[in-house]
Structures are given as C-alpha cells and as structure tokens.
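Chemist: Take a look at this one; I'll ask things after.
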Amino acid sequence: MSKLHAVEDPTDWLNTSLSCFEPLEAALRCQVCKEFYDTPMITTCSHTFCSLCIRRCFNSDGKCPTCRTSDQADKLRRNWVVQELVDTFKAARPAALKLAQTKAGSEDDEAERPKRKRKLEDTDIEEDSFEDTRRPRRTRRSRSVAHGTSQEEPIELDDSGDGDYDPEEGTTLCPICKSRMKVGLVYAHLDLCDGKPVNNNGATRARTQPSKPKEPLPPAARLPQLNYSLLKDNALKKKLQDLGIAAHGSRALIIRRHTEWVNLWNSNCDSSRPRTKRELLRELDSWERSQGAGASTVPSAVMKKDFDGEGWAASNKDQFDELIANARRNRARKEAKTEEREEKPNEDQIDSMPTHQPEQAPSISTPVRHDEIPNPYEGNEKALSIVREKVDEANSHGRRLRSSGQPIPAPPRDEERPGSINEGPPLDEEVDANPPISSQQPSSQFVPISPNVDMSRKAHMFRLPEDPIIDTDGGTSVS
Amino acid sequence: MQGHLPPGIELIKVDDFQEWLVDLRVLDSNPLYENEVYRLKFTFGKNYPIEAPEVVFAKDATHPIPWHPHIYSNGIICLDLLDNAGWSPVHNVESIAVSLQSMLTGNSKKERPPGDENFVKYNTQRPKDINFLFHDNSV
C-alpha cells in the first residue's frame, strides 16, 4: 500500500483544502494509463488519450476505449491545448498540493482562502515563480507551442557571432534597412533603399539560416502499419533490420515487436519533445524485457479465447502421438545407453551440441571415435558416393588428413538412423571423408588427395550443398 | 483510488501489479446477498489495461460464491465486460467492482448458470480462454 501511495494520484487532493482539484487532475489524465497525458491525441470521436496508449489500443481492437467507436491511428490529431494544460498543471501541482495540505490542517475559514487564491491571478504568479526555479522547460515549451519552433534563438545567436567576423570581410550594414552588404555596394544600394530589408548577402543569410534547422525539425515520417499476412518471414525480418531493430525470435514476436516499434515511433513523431532514436530503442528494449519475452506463449492462436482445443487435439493427434512415441523411445534409448557405456550419453548431446566434439578429437583414429562421429550424409546417396570416391583416394595416401580439434557440424540426425555402434565400414569411410571439413587446414595437406582438382571445391563438397558454389568462386579468384 | 472507494468495496491485497484481492458487499437489502462478503481476485496480465484482467470470485471459509445466473460455483464470472471483446482499457478495478456489485444488486434469482455442474467439474481453462456466449442483456 505504502508503495502505491508514493505514486502521484488525483486522490492526493482528497483530504486537502483543495479536494475540488481531484476531478480536475483526473480530467488531465489518460483513461488508459491513468498517467498525465503524454502527447495527447484526439480521436475522430473526440476522445483524448496519450499517443502511445491510443495507438496500442487501436492495434488491439481498433476501437476507441471510451465509446467503442471504430477508429484508426492515422486519423488521430494532436491535442496541443491538452498538452499545455497538463504541462502547466504538472508544474503547478507540487506547490499547490503543499499549500493545500498545510491549509487543510488549519481552521475551516482559512481553508477557503487558498481556494480563492487559486482561482485568481495569484495562481499565475505562483506558477511562474515556481517554474522559474524548477521547471524552466515549461516556459520554453509553451512558447514553442505558440510559435511552432523553439530552435530559433540559439541559431540567431550563432548568426550574430558570424556577424562579428563579417565586417572584417569587407561588408557593412545599410544604415536604413540594416541589410548587410559589401562596402562598395552600399552607396548604390542607398539610392534604392526604401527601408525594407533586402534579400541579399547577409540579410538573406540571417533569415535563411534559422529556417535551415527547421527543415530537419519536423520529426521523421511516421511509419506505416504493415500487413503482416502479406509478408514472408524473410521480408518481415528485412523490414525490421532496415528499421534498425532486432529481427530475432518467432514470427509472432517479430510482428509484435514491429507493432510496438511503429507505435513508439509514431507517437514520438506526434510528440512536441521528440526523443532520439536511441531513446526509443531503449524503450523498445524495456518493452522486450517486460512483454516481448512472453510473446511465444501469449499471442499464439492456442491462447485465443475462441480456440477450439479439442479440434486442435484431434487434428494433430498423429503428430502428438508420434512425438510422445519419440520421446519414450528416446528416453528408453538413453537409459539403455547409460547402462551400456559411460561415454554413451554424449552421443545424445552431440545432436544438439556440436561443440562437444572437440573434447573427443584426440581419440580420432580409434574405433570408439568412429561411433561418436555423426553421420552427416546418411541417406544422401550422391554425397555418399563422393565420399567413397574420396576415401579410396585418401586411403592410398594414408590418413594424415585428419584434423583435430575441429568441431564437426552436427548432422540432422533422426530416429531412423541405424544403430551406429557396430556400423563398421561406412563409418570408417566417414572418418576419412570428414577431414576436408576443416577448410582452415593448410591446403598443401590436401594436395595428395587429388592434385588435379581444385581444392577448395573438393573440400567444401562435404559441408553443405550450398557451400561449393560460394567457395568455388573464392577458390578461383585466389588461383 | 485507495482513498475513496465506493461503499461496499474494499481493497484487501494490493501488494503488486499481478494480483489484487478486493472484497465486495451488496449494500441494499437483497436477501440473496445480505450479510455476506465476497472476495474478488483480480489477475493482471502484462498487457493490462489493453487486455482485460482475469476476475473471479475466490471462495474460502468466510467468503462464499454469490448466487447468480452468470456466476459459476467455482467463481468464474460470465460478464462481457471481463471478456476481451467487451473489455475497454478505460475500465479499472473500481469500475469492475462497481459493475459486479450492481450485477448482484439487480439479481433476484438464486440460480447457477445452466450446466454449472459439468462446467465446474470439467473446466480446466482459464476464464479468459472460455468462449462465453453473451445472450442475456437484462443483467
């Protein structure tokens, strides 16, 4: 409770002399997040919410939270007046609350006074003096609302700094219109000068320069919502990468992350105090930690209210059964193996953890080693035939090619894989065929195998089907 | 919200933002609910208030489940407000509690929803996953 009390809340006013401020403060708060409006936006049904809140709501159900009217994020408009009300109220709040709390303790007719005070001009004086000390930002902000830009001042100063150097470059001011021009031009100019500033030389610069930073001022363009169902996974990932945000995770997570980013970005575009992309990314990161992690469970169809659990179970029964059977078999196998041999459990791990391989590398040429080596080309006849060919060649040149300490990519091994322990000859082949996987080996070591063939090509045939193409190019460019 | 809850509604446990307990009393002299205090359990998801919290009546020695044709005997409440389709982010704990209070106040039937026994026996779903059919607009 005490923790919650620390949060500012409209009820802070309730037991003070200004209890009438409670509804006032409540009216300045977003109905969704219950915080003071942050970048208030008005909907077509004339309800106001924080930009981020209403955008999230529209993503969720496309309806106005207050009146349930359908609406769209791109129809939102800024509500500057509310922003200003919130800013000024927030600035005045601590002082007013303090005053109201102290007065509440004293007698009743005393309590009348602050109330009246707030309603009269005193309010402004108090606010101003308060702001001067604690919230200088507000004064700047309200001006920026009025003029559309707050950046003018510092830039003009810059310019006047430039002006100090200009006279040394042989320019001067026209005494009538104060335009800056070259000394030699002044007299000709004076004949024509009608007192209005002329668009030349420094005068132009003075006016154009402040407008220059205005151009980057309008915040970056709003991001469009994507029709995710039209995008393939890769295209979607590309979009996220282009935006500079993380593209990992399940498709559902990616979609949610993108949606959140669009909301953050667009509400930042609405804001009168736009934050940098870095800050937005940090915000996305905190979203990721608080809500993104649950993505894999929350948004899936299974969790939907109208999800037909029985139907799902029925339609996927085969799959479920298969998985259960697999799991049972796996467990039985594992248990059998642990009994059979101490080292055996490693084999199961190899499936998922190819990095375990190097531990066993030193024992490469022993038969035990053969058992441990995964069988990457089981069932791939083409690859196997190449392997055998290679093995024959290699056999004639001895076994010097085996590399050690090189992790061997774990193959996609299935349950169908025949019992590996007593599989003599093919595994033997395998061992000899494997060396080329370690492409880092000095190529001289390869030469004995097949001097006539381009090594890089040969070597990579054993890795992945795609590799040879890439590496052949590399190889040819080298040679 | 703490300072001025409507009469008959009392916060019991508000230690975190995951689960709140709220006690509810029906104030008028409805014989069904007189002299009873009901305990509501609010469970807030990560997406609250965009998504509805889970709200059920919790039963214990001193807090029974109120009789109502839309409240199952395991405490699950069938109210469109609590369904994501009927939920709106402007609702809060107070407004939900008031809605439930008025839902009880307006009821005169000492009934459970049809199929209550079966539902209570076999339901393993979370309330938010149940596909309620909102047919009764009189409540």
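The values are calculated or read from the model by the stated rules, or taken from the named source; none is laboratory data. Here the structure is a predicted model, which is why all the values come from computation and not from measurement. Cβ placement follows ideal geometry from the backbone for every residue including glycine, while neighbour counts extend to all protein chains displayed.
Chemist: Considering only residues that are part of a helix (DSSP H, G or I) and either in the same structural domain as A:SER267 (by TED's automatic domain parsing) or crowded, with 19+ Cβ neighbours inside 10 Å (or both), which ones fall in the range A:59-74? Walk me through it before giving the result.
Modeler: Narrowing the range A:59-74 to residues part of a helix (DSSP H, G or I): A:59-61, A:73-74.
A:ALA73, the sole residue that qualifies.
Chemist: In the range A:64-89, what residues are over 14 Å from A:ASP38 (Cβ atoms), more than 14 Å from chain B (Cβ to nearest Cβ), out of contact with any Ser or Thr (no Cβ under 6 Å at 6 or more places or on another chain) and not hydrophobic (A, V, I, L, M, F, W, C)?
Modeler: Of everything in the range A:64-89, those that are over 14 Å from A:ASP38 (Cβ atoms), more than 14 Å from chain B (Cβ to nearest Cβ), out of contact with any Ser or Thr (no Cβ under 6 Å at 6 or more places or on another chain) and not hydrophobic (A, V, I, L, M, F, W, C) turn out to be A:GLN72, A:ASP74, A:ARG77, A:THR88.
Chemist: If you take the residues of the range B:38-54 that are within 13 Å of another protein chain (Cβ to nearest Cβ) and aliphatic (A, V, I, L, M), which of them is farthest from the chain's Cα centre (by Cα)?
Modeler: My answer is B:ILE50.
Chemist: Still on this structure: Of the conditions (1) among the aliphatic types (A, V, I, L, M); (2) in contact with a helix residue (DSSP H, G or I) (Cβ under 7 Å, 6 or more places away or on another chain); (3) under 30 Å from B:GLU10 (Cβ atoms), A:LEU99 satisfies every one except a single condition; which number is it?
Modeler: (3)
Chemist: For the range A:8-54, give me each residue that is within 13 Å of another protein chain (Cβ to nearest Cβ), of a type in the set (Ser, Thr, Tyr) and assigned to a helix (DSSP H, G or I).
Modeler: A:THR11
Chemist: Scan the range A:303-346 residue by residue and report those that are among the hydrophobic types (A, V, I, L, M, F, W, C), modelled with pLDDT under 80 and over 28 Å from B:ASN84 (Cβ atoms).
Modeler: Taking the range A:303-346 and keeping what is among the hydrophobic types (A, V, I, L, M, F, W, C), we get A:303, A:307, A:312-314, A:320, A:323-325, A:327, A:332, A:336.
From the residues that got through so far, the ones that are modelled with pLDDT under 80 too are A:303, A:307, A:312-314, A:336.
Listed by number, the list holds a single entry, A:ALA336.
Chemist: Another question, if that's okay. Against the definition (closer than 25 Å to B:PRO114 by Cβ and either at the interface with another protein chain (Cβ under 10 Å from one of its Cβ atoms) or in contact (Cβ under 8 Å) with a residue 60 or more places away in the chain (or both)), how does B:LEU11 come out, yes or no?
Modeler: No; evaluated as a whole, the condition is false for this residue.
Chemist: Out of curiosity, is A:HIS258 assigned to a loop (DSSP other than H, G, I, E, B) and not hydroxyl-bearing (Ser, Thr, Tyr)?
Modeler: no
Chemist: Tell me whether the range B:17-37 contains one or more residues that are within 14 Å of chain A (Cβ to nearest Cβ), closer than 25 Å to A:GLU35 by Cβ and at pLDDT below 90.
Modeler: Yes, the conditions are met somewhere in the range B:17-37.
Chemist: Within the bounds of the range A:17-29, is there any residue that is small (Gly, Ala, Ser), at pLDDT 90 or above and surrounded by 18 or more Cβ atoms within 10 Å (Cβ to Cβ)?
Modeler: Within the range A:17-29, none of the residues are small (Gly, Ala, Ser), at pLDDT 90 or above and surrounded by 18 or more Cβ atoms within 10 Å (Cβ to Cβ).
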